[in-house]
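> Got a structure here, written out as structure tokens. Questions coming.
Only the coordinates and a few stated rules stand behind these numbers; no lab work does. All values reported here derive from a predicted model rather than from experimental measurement. As a convention, Cβ positions derive from the backbone with ideal geometry for all residues, glycine included, and neighbour counts pool all protein chains shown.
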Amino acid sequence: MNAIFAAVFLAAAVIFLLDDPAGFLPAMLAGGERAAALTLTLLASYCVWLGFFEVLQKSGAADALSRRLSPLSGAVFRSGDGAALSLAAQNLAANMLGLPGAPTPLGVAATKKFLAAKNRYAADMLFVLNATSLQLLPTTVIALRAAAGAQNAADILLPTLLSTLFTTALGAGLVFLTRKRCDT
């Protein structure tokens, strides 16, 4: 992938240098400035939500929520492993808040526990629910739109919710329909 990125960058740089040699360096600097600003915007968004998630975990609220959602989680994942279900529920909650980096360690840990218990169905279901990622609050996309100067960065809430609700239901339904394959 790095080779492809480098080749595309070099080809674009050569074309730009041939077309507008005086504009090359200012464009590179302006692009770097925009990339740094976007990085800081996303970093601030991630810090807020990761901090929020950390507070939830340290206060015990995440565990309390996981316990309340345990019957639903147990039915969705067809598992009775409380630790794995708690990790899976926290993973899905972080995904619903639009935090793509935060849920990864939780999802990996939950998947390892499901697979250790030989519950491939639960691991497959968690993978599909992560891939389709129901978005109640797409914080990353809202932050990107705000950084790009969108008039109303949050006007994507309803379309995002509807489309991810559809894909999540479809994905979960397909895993459910193919559950016999998971059991073998």
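> Could you tell me how many degrees, from 0 to 90 and to the nearest 10, lie between the Cα long axis of helix 82-96 and the main elongation axis, the longest principal axis, of the Cα atoms of the chain?
30
> With only Lys, Arg, Asp and Glu charged, each at its Cβ (+1 for the first two, -1 for the last two), find how big the charge dipole of the chain is about the Cα centre; round to the nearest 20 debye. Spell out each step's value before the answer.
Values: 13 positive and 9 negative charges, 200 e Å.
Rounded to the nearest 20 debye, it is 960 debye.
> Next question. If we restrict to alpha carbons, what Rg and Dmax does the chain come to, in Å?
Over the chain's Cα set, Rg and Dmax evaluate to 21.0, 65 Å.
> Toward the positive end of the charge dipole of the chain, about the Cα centre and with charges on Cβ (Lys, Arg +1; Asp, Glu -1), which of 76, 41, 15 goes farthest?
Of 76, 41, 15, it is 76.
> Further question on the same structure: Distance in nm between label sites at residue 172 and residue 116, each 7 Å beyond Cα in the beta-carbon direction?
2.6
> Something else about it: Given the options 150, 61, 122, identify the residue whose Cα lies farthest towards the positive end of the charge dipole of segment 51-183 (+1 on Cβ of Lys, Arg; -1 on Cβ of Asp, Glu).
Toward the positive end, the furthest listed residue is 122.
> Multiplying the sequence separation of residue 37 and residue 67 by 0.36 nm and subtracting their Cα-Cα distance, what value in nm do you get?
6.8 nm
> Let me ask you something else. Separation between the residue 12 and residue 144 pseudo-spin-labels, each 7 Å from Cα along Cα→Cβ, expressed in nm?
For the pair residue 12/residue 144, the computed spacing is 1.5 nm.
> Starting with the fewest neighbours, write out 41, 168 ranked by other beta-carbon atoms found within 10 Å of each beta-carbon.
The order, fewest Cβ neighbours first, is 41, 168.
> Could you tally the net charge around residue 85, taking each other residue with its Cβ under 13 Å from the Cβ of residue 85, Lys/Arg +1 and Asp/Glu -1?
Value of the local net charge: +2.
> Using a Gaussian network model on the chain with a 10 Å cutoff between Cα atoms, which of 172, 122, 27 fluctuates the most?
Taking springs between Cα atoms under 10 Å, the residue moving most is 27.
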